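Asks: What follows is a single structure, and I will ask about it in a moment.
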Amino acid sequence: MKNIKIYTLLLLSIFFLFSGCADKKISKRPYHYPNYSVIKPKVTCNAKRKNIQKLLSKHLGKPYVWAEEGPDAFDCSGLTYNIYGEMGIIIPRTASEQAKMGKRIPFSDLYYGDLIFFGSKNKKSSRITHVGIYLSNGWFAHASSADRKVKLSQFAKEPSYLHRIKECRRYLSKNEHKKYLLCDVPLKKTRTTNTRYSTPWKRGMRLPRKAVP
């Protein structure tokens, strides 16, 4: 009986020893710009437009940092990825992939929470380089690389954005009962992680000199 107890303690010691080694192997990756690790946001609320408003209001003014999806800094698609992700709606991480999903709608039919995708002023080009969340009366929210922060813009005040619109997409129906998550074409698979394995940009860290590396 005594030998069995000793043997059991020995096995437990070996188990904890290797567990400690495993934890060291999966230690958190320190922040390095740009951080291309995609951190999946935690679901904090239901898919409702009032929650889009709440989430946006707490992010306004936060810095623009390339390849970040929050919670303290964002790039343009990181902001939309985070806000929809916190509502339990998983969308692709990049603007070009986000523009392939949802229901395509005309600019004249934009509703609060719809996404607007931008590119160059060249009408022949379909390349997506930017995304914003439509609000109302020509206003939209976005993480601006030019102004280096999450901000509100209005088409009437910044008409250059009108000439850059490439796509308008809706993920959440007006009555909020349906989610338009079908995709026009195959999407690229995105590997995600969490803050246990990767360190996002945090307040107090130095901002990069260039908005886009």
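Read-outs throughout are calculated quantities, based only on the coordinates presented, and are distinct from any laboratory measurement. Everything numeric here is computed off the predicted structure, so don't read it as measured data. Neighbour counts are summed over all protein chains in view; Cβ atoms, including those assigned to glycine, are modelled from backbone coordinates with ideal geometry.
Asks: Can you check what the net charge comes to around residue 37, using other residues whose Cβ is under 13 Å from the Cβ of residue 37 (Lys, Arg +1; Asp, Glu -1)?
Replies: Computed value for this residue: +4.
Asks: Moving to a separate point now. Which percent of Cα-Cα pairs in segment 127-213 sits in each 5 Å bin, short to long?
Replies: 3, 9, 14, 17, 18, 18, 15, 6, 1
Asks: In addition: Grab the eigenvalues of the alpha-carbon gyration tensor for segment 42-125, scale each by 5, take roots, and send me the semi-axes largest first in whole angstrom.
Replies: 22, 17, 12
Asks: Still on this model: Grab the DSSP H runs of the chain that are 4 residues or longer, score each as -39,500 (n - 2.57), total them, divide by all residues and round the 222 nm result to the nearest 500 deg cm²/dmol.
Replies: It comes out at -7500 deg cm²/dmol, rounded to the nearest 500.
Asks: For each of 172, 110, 115, 187, count neighbouring Cβ atoms within 10 Å of the residue's Cβ, then give the residues from fewest to most.
Replies: 187, 110, 172, 115
Asks: Additional query: When 96, 27 are ordered from fewest to most other Cβ atoms inside 10 Å of their Cβ, what list results?
Replies: The fewest-first ordering by Cβ neighbours comes to 27, 96.
Asks: Right, another one. Work out from phi, with θ = phi - 60° and the Karplus expression 6.51 cos²θ - 1.76 cosθ + 1.60, the ³J(HN,Hα) of each residue of segment 55-70, listed in order in whole Hz, and give x for Gly and Pro.
Replies: 5, 4, 4, 7, 9, 4, x, 5, x, 7, 9, 3, 6, 9, 10, x
Asks: Then there is this: What ³J(HN,Hα) values, in whole Hz, does the Karplus curve 6.51 cos²θ - 1.76 cosθ + 1.60 give for segment 166-178 when θ = phi - 60°, with x put for Gly and Pro?
Replies: Once θ is set to phi - 60°, the couplings for segment 166-178 become 10, 8, 10, 10, 10, 9, 10, 4, 4, 8, 6, 8, 10 Hz.
Asks: Taking amide H positions as placed 1.01 Å from N in the peptide plane, with prolines and chain starts having none, which residues 5 or more places from residue 130, or on another chain, fall under 5 Å of its amide H?
Replies: 118
Asks: Any idea what log10 I(q)/I(0) is at q = 0.15, 0.19 Å⁻¹ for segment 38-193, Debye with uniform C-alpha scatterers and no solvent?
Replies: -0.73, -1.25
Asks: Kindly flag which residue pairs out of 121/189; 50/202; 103/178; 58/179; 62/100 have an alpha-carbon separation exceeding 18 Å in this structure.
Replies: Result: 121/189; 50/202; 58/179; 62/100 exceed 18 Å.
Asks: Right, next: What list of ³J(HN,Hα) couplings, whole Hz, do you get for segment 122-136 from phi and the Karplus terms 6.51, -1.76, 1.60, once you set θ to phi - 60° and write x for glycine and proline?
Replies: Running phi through 6.51 cos²θ - 1.76 cosθ + 1.60 with θ = phi - 60° gives 5, 5, 6, 8, 9, 5, 9, 10, 7, 8, x, 9, 6, 10, 5 Hz.
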